[in-house]
Amino acid sequence: KVDFFCDFGPTQFVEVRHAIAYLLDREEFANTFCGGYGAVVHGPYGFAMWMYQEAEEELNSTLETYAYNVNKAIETLVAGGWTLNEKGEAYTSGIRYKKVTAEEAENCSTIVTLADGTLLMPLIIEWLSSENNSVSDLLVTMLAKNSTTEQAGVKINQTVVSFDELLNYMYRDASQGDKYGVP
């Protein structure tokens, strides 16, 4: 499971979250991590859960599977407005940018402000992961540092912290420190 904060930065845009799903080969990830003994589910379900067992046919026919597809990821980003470079010109390579409003730009430290006041958000994902985590290690290889992620115009920066600190950020637990209470 990969969680996204959806109230700031690039991941506030559904197209970014969908593109990332298309950029991760979930079948290969499961096979590699589980040694052939795992399976991919298309939602917050497990094969042994009664809810899944009762609705298996319907879920398998209606849920989006986000099969690995770099071209679909790029199409999704383009449809979402990620069509510019850092100068506000048409995107050709590197990191994609999107024109955003001041509200959309809040809590995003990488915003570029052009001379005319236009705000551009770079497609840089800040990823917090826990230390000594083999799932994260595989995500680095198969997503964050994968050439197809770069090809799509996405950059993913990983920061590694303890699991307790990860939870403090995830729950925005300001009782553990002010830094945890804000995006």
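The values are calculated or read from the model by the stated rules, or taken from the named source; none is laboratory data. This is a predicted model, so every value here is computed, not measured. Note: ideal-geometry Cβ built from the backbone for every residue, glycine included; neighbour counts use all protein chains shown. For accessibility, only protein heavy atoms count, side chains too; no ligands or nucleic acids. Shrake-Rupley method; radii C 1.70, N 1.55, O 1.52, S 1.80 Å.
Which of the residues that make up the stretch 27-39 are within 18 Å of the chain's Cα centre (by Cα) and open to solvent by less than 70 Å² (accessible area, probe 1.4 Å)?
Hits for the stretch 27-39 are PHE29, ALA30.
A quick yes/no check of all residues on (1) farther than 17 Å from VAL154 by Cβ; (2) touching an Asp or Glu at 6+ places or on another chain (Cβ under 7 Å); (3) not acidic (Asp, Glu):
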residue	(1), (2), (3)
ASN85	no, no, yes
GLU89	yes, no, no
GLY94	no, no, yes
THR101	yes, no, yes
GLU106	yes, no, no
ALA115	yes, no, yes
LEU119	yes, no, yes
SER130	yes, no, yes
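Which members of the stretch 69-85 meet the condition of being open to solvent by 50 Å² or more (accessible area, probe 1.4 Å), in a loop (DSSP other than H, G, I, E, B) and in contact with a helix residue (DSSP H, G or I) (Cβ under 7 Å, 6 or more places away or on another chain)?
Hit for the stretch 69-85 is ASN69, nothing else.
Give the number of residues within the stretch 47-68 that are loosely packed, with under 11 Cβ neighbours inside 10 Å, closer than 30 Å to ALA152 by Cβ and either among the small types (Gly, Ala, Ser) or within 19 Å of the chain's Cα centre (by Cα) (or both).
Here the count works out to 2.
Please go through (1) out of contact with any strand residue (DSSP E or B) (no Cβ under 9 Å at 6 or more places or on another chain); (2) at pLDDT 95 or above for TYR97 and return the number of the only condition it doesn't satisfy.
Unmet for TYR97, out of (1) out of contact with any strand residue (DSSP E or B) (no Cβ under 9 Å at 6 or more places or on another chain); (2) at pLDDT 95 or above: (1).
Starting from the stretch 1-12, keep only residues that are in contact (Cβ under 8 Å) with a residue 24 or more places away in the chain, then list their pairs with residues that are surrounded by 15 or more Cβ atoms within 10 Å (Cβ to Cβ) and hydroxyl-bearing (Ser, Thr, Tyr) whose Cβ atoms are within a distance under 8 Å, requiring at least 6 positions of separation or different chains.
Close Cβ pairs satisfying both conditions: PHE5/THR11.
Can you report the number of residues in the stretch 95-112 which are more than 14 Å from GLU15 (Cβ to Cβ) and in a helix (DSSP H, G or I)?
Summing the residues that are more than 14 Å from GLU15 (Cβ to Cβ) and in a helix (DSSP H, G or I) in the stretch 95-112 gives 3.
Every residue in the stretch 135-181 that is over 30 Å from GLU86 (Cβ atoms) and in contact (Cβ under 8 Å) with a residue 60 or more places away in the chain, please.
Within the stretch 135-181, VAL135, LEU138, MET170 meet the criteria.
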